[in-house]
Amino acid sequence: MADLSVNIGELQMKNPVMTASGTFGYGEEFADFIDITRIGGIIVKGTTLHKREGNPYPRMAETPSGMLNAVGLQNKGVHYFVEHIYPRIKDIQTNMIVNVSGSAIEDYVKTAEIINELDKIPAIELNISCPNVKQGGMAFGVTAKGAAEVVKAVRSAYKKTLIVKLSPNVTDITEIARAAEESGADSVSLINTLLGMAVDAERRRPILSTVTGGMSGAAVKPIALRMVWQVAKSVNIPVIGLGGIMDWKDAVEFMLAGASAIQIGTANFIDPTVTVKVSDGINNYLDRHGYKSVTDIIGALEI
Ligand SMILES: Cc1cc2nc3c(=O)[nH]c(=O)nc-3n(C[C@H](O)[C@H](O)[C@H](O)COP(=O)(O)O)c2cc1C
């Protein structure tokens, strides 16, 4: 059996398989299906400073080999998380990581400060692809300047491993990744969802209440893989790859392209046991090819 352990900043993981925010609840929901302690890291739902109701229904639409969602960061806010959810999940024997979202820099900073106090949360993932209401509805993650501002501010408030999650809805994702690295990120994860749209021709209406939504699932994999490869060549911090990973083979492809760890999102809705299958599949691949450690395949793509 090969050594599957990987490190992301100071975060030590027993294997490179993580779950993507918004697709795995708080982990407990999956405990009836799998031994969730076999997962390297669980990234919980997007958490904001204040409670958010999310967007009106319908907020999901199926697409060929994928889906669109417009959940809109529905959550009960960080104070509720600290009081009611953290006590339930803190002793789960894996890395519980909080995805921090916001619409203004102060909100991100306050949320990160509060989570910094929680002993059993070893890292946060900063979701910088949400609308920046205060600055005219633009997302922080779509300009290098915006990304640098929010990452710098959070870096000074948050002392543990800081992962910054990048938006694919940009012309050059490497620019944003470098800005995150220069501003103190310990790692970048990519990709978040791609902006898409679905129309109901009979009703002559958009399917989603928000008209546009975030596209995920198998259909986005080639784009995600390309972006992970580009970013891995452009930064010196570890890259976490995601977007359309459905099985172990997809996971290995992302690691060969330069990812130090991977996340699984939409595939959890299709098969709630997919995470452990991916971990076993990576292990078999390493054994078959005579690798002693999973770190040997990171960026091992021959071009
Ligand atoms: C229903 C749903 C909810 C999501 N919620 C969040 C979220 O709260 N924060 C976040 O950073 N990403 C969120 N995402 C994006 C995923 O974490 C992931 O980046 C994206 O789905 C691509 O990976 P996948 O193709 O494996 O699903 C969500 C995705 C889905 C499908």
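The values are calculated or read from the model by the stated rules, or taken from the named source; none is laboratory data. Because the structure is predicted, anything quoted here is derived from the model rather than measured. A quick note on method: Cβ atoms are made from the backbone with ideal geometry, for glycine too, and the neighbour counts reach across all protein chains shown. Accessible surface areas use protein heavy atoms only, side chains included; no ligands, DNA or RNA. Shrake-Rupley method; radii C 1.70, N 1.55, O 1.52, S 1.80 Å.
Quick look at the numbers
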| item | result |
| --- | --- |
| Per-peptide average of other Cβ atoms within 10 Å, ordering 86-96, 62-72, 201-211 highest first | 62-72, 86-96, 201-211 |
| Surface accessible to a 1.4 Å probe, per residue, for the residues of the chain, Å² | 44 |
| Residue-averaged [θ]222 nm for the chain, counting only DSSP H segments that reach four residues, each worth -39500 (n - 2.57) | -8000 deg cm²/dmol |
| Kirkwood Rh and Cα Rg combined as Rg over Rh, evaluated for the chain | 0.94 |
| Within the range 4-295, percent of DSSP bridges classed antiparallel, to nearest 5 | 40 |
| Amide N proximity, the range 22-43 versus Met60 label position 7 Å along Cα-to-Cβ, cut-off under 14 Å | 22-25 |
| Listed residues Ala259, Val278, Ser103: farthest to the positive end of the dipole of the range 4-295 (Cβ charges) | Ser103 |
| Cα-centred dipole magnitude for the range 4-295, charges only on beta-carbon of K, R (+1) and D, E (-1), debye, nearest 20 | 340 |
| Long pairs among Lys76/Lys160; Lys14/Lys277; Lys14/Lys292; Lys76/Lys120; Lys51/Lys120, criterion Cα-Cα beyond 18 Å | Lys76/Lys160; Lys76/Lys120; Lys51/Lys120 |
| Whole-percent carbon and sulfur share, accessible surface of the range 1-114, 1.4 Å | 50 |
| Peptides ranked, highest mean first, by Cβ atoms within 10 Å: ranges 187-198, 247-258 | 187-198, 247-258 |
| Gln74-Thr273 FRET efficiency (beta carbon distance; Förster radius 25 Å; 0.05 resolution) | 0.45 |
| Theoretical gain in end-to-end length, Arg38 to Asn7 [0.36 nm per residue, Cα-Cα removed] | 9.6 nm |
| FRET E, pair Lys120, Glu182, Förster distance 25 Å, beta-carbon r, rounded to 0.05 | 0.25 |
